[in-house]
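> The following block contains the structure, expressed as structure tokens.
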Amino acid sequence: MRRAARKDANQKLIVEALRACGASVHVLDEKDLPDLLIGFRGHTILMEVKDGRRNPSECKLRPGQQRFFDEWRGGRVVVVLTLEAALSVLNSTPQKGAI
């Protein structure tokens, strides 16, 4: 039986803040997928949350995650280390249909 993926300490805070901004947020619990599936302004964003307070070597993508990032052909997929970075991703997302 597979154990639940370890969550970074800042993930709960980031999820709450993204939802407060009006984003739909679903936590993904698959080993090699990004942590969060986000819907915002008609766009889909996949977000991997790493804890920027940890040692930089602990913030790297695991091999399976890196493979996912390399092979993904869909919408945005990003890694964030802080709440500010996650909010910046939302703020840089245009309205659907905007150029």
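> For the chain, with only Lys/Arg (+1) and Asp/Glu (-1) charged at the beta-carbon, what is the dipole magnitude about the Cα centre, in debye rounded to 20? Spell out each step's value before the answer.
Details: 17 positive and 12 negative charges, 24 e Å.
Roughly 120 debye, rounded to the nearest 20.
> For residue 28 and residue 69 in the same chain, what is the full-extension length gain: residue separation times 0.36 nm, less their Cα-Cα distance, in nm? Show your work: numbers first, answer last.
Working: separation 41, 0.36 × 41 = 14.76 nm, distance 1.50 nm.
Extending this stretch completely gives an extra 13.3 nm.
> Here is a further query. Helix 11-20 versus the longest principal axis of the chain: what is the Cα-based angle in degrees, 0 to 90, to the nearest 10?
Orientation of helix 11-20: about 10 degrees from the principal axis.
> Also, I was wondering about something else. With contacts defined as alpha carbon pairs under 8 Å and 6 or more residues apart, what's the relative contact order of the chain in percent?
Numbers: 129 pairs, mean separation 28.2, N = 99.
So the answer I get is 29 percent.
> Which of the lysines could a cross-linker span from residue 31 if the Cα-Cα distance has to be under 19 Å and same-chain partners fewer than 8 positions apart are dropped?
7, 12, 50, 60
> Taking the dipole about the Cα centre of the chain, with the C-beta of Lys and Arg at +1 and of Asp and Glu at -1, give me whichever of 81, 22, 57 is farthest to the positive side.
57
> In the range 17-78, which GluC sites (Glu not before Pro) fall in coil by DSSP and have 16 or fewer other Cβ atoms within 10 Å? Mind dumping the intermediate values first?
Working: sites: 30, 48, 58, 71; in loops: 30.
Those that pass, being in a loop and sparsely packed, are 30.
> To the nearest 500 deg cm²/dmol, what mean residue ellipticity at 222 nm is calculated for the chain from DSSP H runs of n ≥ 4 alone, each contributing -39,500 (n - 2.57), summed and divided by the residues? Could the numbers behind the result be given before it?
Numbers: 3 runs with 28 residues, N = 99.
It lands at -8000 deg cm²/dmol.
> Rounded, prolate or oblate: which fits the range 11-91, taking a ≥ b ≥ c as square roots of the Cα gyration tensor eigenvalues, rounded meaning a/c under 1.5, else prolate when a/b beats b/c? Present the calculation step by step, with values, prior to reporting the outcome.
Details: a/c = 1.87, a/b = 1.20, b/c = 1.55.
Note, shape of the range 11-91 comes out oblate.
> Top mean-square fluctuation among 57, 88, 24, Gaussian network model of the chain, C-alpha springs under 10 Å?
Top of the fluctuation ranking is 57.
No lab work stands behind these numbers, since they all come straight from the coordinates. Remember, it's a predicted structure, so these values are computed and weren't measured experimentally. Note that each Cβ is placed from the backbone with ideal geometry, even for glycine, and that neighbours are counted across all protein chains shown.
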